[in-house]
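Working notes for the structure below.
The values are calculated or read from the model by the stated rules, or taken from the named source; none is laboratory data. Quick caveat, the model's predicted, so the values are computed rather than measured. Here Cβ is always computed from backbone atoms with ideal geometry, including for glycine, and neighbour counts include all displayed protein chains. These accessible areas exclude ligands, DNA and RNA; they are computed on the full protein's heavy atoms, side chains included. Shrake-Rupley method; radii C 1.70, N 1.55, O 1.52, S 1.80 Å.
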Amino acid sequence: MERKKLLADAWWRLLVARVLLRLLPFRKLMKFLITPSSRLLQTHSDRRQVCRNVSWAVNLAAKCLPGETVCFPRALAAQIMCRKRGVNAILYYGAAVSPSEGLAAHVWVLDGEEGIVGHQIAYKYLELAHFPV
């Protein structure tokens, strides 16, 4: 039952993130990116489990939504879900230039060294900013 609730939360937050990214300028989105969790998990194993659960839920929910859910809404949803569960995950924004694709941007979320979403290809991008700063 807990996994169903987590998946429903991810689905809802992905939908909201997709709408916010279409409607709001980036500076308005900043308030969602800089709000820390009011309660923090203390043990490494608890934090790690939350990160794994959120990663699972966001990635599965993204596959179930109509249309494409790219890295930015996934990252927003994951960061908000982590903070709700006591993990102050950091959202990173990066860019890369390649001769074939030109300028490309990517967003990923980490809790320390623990990857949550988008981290698998983050090494290809130069970090431009992270939130919270």
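A few remarks follow.
- Selected residue (criterion: surrounded by the most Cβ atoms within 10 Å (Cβ to Cβ)) from residues of segment 45-64 that are of a type in the set (S, T, N, Q) and touching a helix residue (DSSP H, G or I) at 6+ places or on another chain (Cβ under 9 Å): Ser55
- Filtered by the rule that a residue be at positive phi, in contact with a Lys or Arg (Cβ under 9 Å, 6 or more places away or on another chain) and open to solvent by 20 Å² or more (accessible area, probe 1.4 Å), segment 65-105 gives a lone residue, Gly67.
- Top-ranked residue in segment 124-133 [being without any contact (Cβ under 8 Å) to a residue 40 or more places away in the chain and not in a strand (DSSP E or B); ranked as farthest from Gly94 (Cα to Cα)]: Lys124
- Looking only at segment 79-117, residues that are without any contact (Cβ under 8 Å) to a residue 60 or more places away in the chain and closer than 13 Å to Arg52 by Cα come to 8 in all.
- Of the residues examined, Gln42 is not one that is without any contact (Cβ under 8 Å) to a residue 24 or more places away in the chain, out of contact with any Ser or Thr (no Cβ under 8 Å at 6 or more places or on another chain) and surrounded by 11 or more Cβ atoms within 10 Å (Cβ to Cβ).
- When segment 4-21 is filtered for residues that are small (Gly, Ala, Ser), out of contact with any Pro (no Cβ under 8 Å at 6 or more places or on another chain) and open to solvent by less than 40 Å² (accessible area, probe 1.4 Å), only Ala10 remains.
- Scanning segment 22-37 for residues that are farther than 15 Å from Ile90 by Cα and open to solvent by 100 Å² or more (accessible area, probe 1.4 Å) yields Arg22, Leu23, Arg27, Lys28.
- For segment 112-123, the set of residues classified as at pLDDT 95 or above and either assigned to a strand (DSSP E or B) or exposed (fewer than 15 other Cβ atoms within 10 Å of the Cβ) (or both) consists of Gly115, Ile116, Val117, Gln120, Ile121, Tyr123, listed by residue number.
- Enumerated helices (runs of 4 or more DSSP H) restricted to segment 1-90, each holding at least 2 residues that are among the basic types (Lys, Arg) and under 14 Å from the mean Cα position of the chain (by Cα): 2-23, 71-84
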